[in-house]
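Notes for the one structure printed next.
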């Protein structure tokens with residue numbers, strides 16, 4: 001048997017021949033014949049399958065042609081209309097399923113390149129879906145189901161690429177946006193549309209913060225330096241020199257942030273407050289511990305005097321640092337308490353050095369008792 005190859009131009013020429021041939025008109029005029037009537041659907045299906053075999057290779061992507069074919073089928077009554085249309089529907093269903101499955105495989109294989117897989121699906125969809133819509137109409141359930149499958153896969157491609165590149169902020173925003181926009185343009189399902197809108201909103205909020213993220217990446221080494229010093233401090237002992245080290249090691253990074261971001265910047269204030277808060281807590285612990293057993297004239301009392309002088313120098317340094325209002329209130333209260341402690345300790349030390357015994361010694365002890373009542377919080 002001779003094999004016929006139908007080219008695109010040949011297919012277009014064939015179009016008139018097919019619709020002008022006697023096959024379909026003859027079929028319609030002979031509906032009353034017993035041989036036809038007993039299996040009209042079978043006859044219509046066979047005729048349509050042959051028609052599909054001729055037309056699909058050359059006209060499957062021809063939207064205008066499929067619209068005319070769909071209009072012709074629409075003129076017929078059921079079940080003949082469905083029987084004639086079925087081979088064409090099956091072609092589009094299988095083709096769209098194949099496109100989506102291929103995209104899904106590529107997306108799962110390399111999530112970071114899922115945007116490229118989605119872009120290819122979008123390109124293929126733009127070629128196939130209009131012709132399928134021309135055949136069935138946009139309200140046909142079969143068409144809506146097919147485009148929802150494409151829309152969902154486009155969204156998944158955008159999400160996979162977004163999540164894969166989120167940590168390193170390397171998302172290809174324009175491609176992601178185009179995929180989400182295309183998914184929203186063709187989706188029919190209410191829940192699918194809601195999901196597309198939610199993800200689009202999340203992505204746009206992320207893209208809107210692009211400037212802040214780039215600024216963060218630029219400052220990340222400085223931020224990491226401060227964070228490292230805070231971690232080292234947490235593992236250090238309750239001693240004044242650890243507080244001194246924290247303040248000294250964080251001074252330059254905090255100054256850099258202040259210059260880069262401004263003294264009122266929230267990031268700068270947050271980090272500076274974190275340093276002050278940790279230093280203040282450690283200072284409270286050290287000073288309160290130094291007061292225990294520090295009787296006038298004893299070695300512990302001498303240690304207390306040294307501790308208070310160093311603590312005062314540290315609080316004077318911290319007072320110049322940025323901090324949140326509520327933290328500053330707490331800090332200033334402790335600073336005043338510390339100033340009182342220093343004053344009382346010096347009074348006790350002066351009286352103790354002048355007294356030798358008797359009533360002066362008793363006064364010194366009473367004064368020191370009052371002094372012990374000043375505790376940092």
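Overall form of the stretch 53-165: prolate. Here a/c, set by the Cα gyration tensor axes a ≥ b ≥ c, is 1.5 or more, and a/b is the larger of a/b and b/c. Once both labels are positioned 7 Å from their Cα atoms along Cα-to-Cβ, the gap between residue 49 and residue 263 label points is 8.7 nm. Given R0 = 30 Å, the distance between the Cβ atoms of residue 74 and residue 101 translates into a calculated FRET efficiency of 0.45. FRET efficiency for the pair residue 208 and residue 281, taken as 1/(1 + (r/R0)^6) with r the Cβ-Cβ distance and R0 = 22 Å, rounds to 0.05.
Among 284, 180, which comes first, second and so on when ranked by fewest other beta-carbon atoms within 10 Å? Walk me through the intermediate numbers first.
Details: 284 18, 180 24.
By the 10 Å Cβ count, ascending, the order reads 284, 180.
Inverting the pair-averaged 1/r between distinct Cα atoms of the stretch 222-372 gives 16.8 Å as its Kirkwood hydrodynamic radius. In terms of its alpha-carbon gyration tensor, the stretch 127-167 comes out prolate; a/c meets the 1.5 threshold, and the first ratio a/b outweighs b/c. What does a probe at residue 67 reach in the stretch 132-168, counting residues whose amide N is under 19 Å from the point 7 Å along Cα→Cβ? In the stretch 132-168, the label zone of residue 67 (backbone N under 19 Å from the point 7 Å along Cα→Cβ) covers 132-140, 143-144. Placing dummy labels 7 Å off each Cα toward the beta-carbon, the span from residue 289 to residue 141 is 7.7 nm. The stretch between residue 238 and residue 191 holds 11.1 nm of extra length on full extension. This uses 0.36 nm per residue minus the Cα-Cα distance. The ranking of 307, 72 from fewest to most other beta carbons within 10 Å of each one's beta carbon is 72, 307.
Every read-out reported here was derived from the displayed coordinates using simple, explicitly stated rules and does not represent laboratory data. Please read these numbers as outputs of a predicted model, since none were measured by experiment. Neighbour counts run over all protein chains shown; Cβ positions are idealised from the backbone, glycine included.
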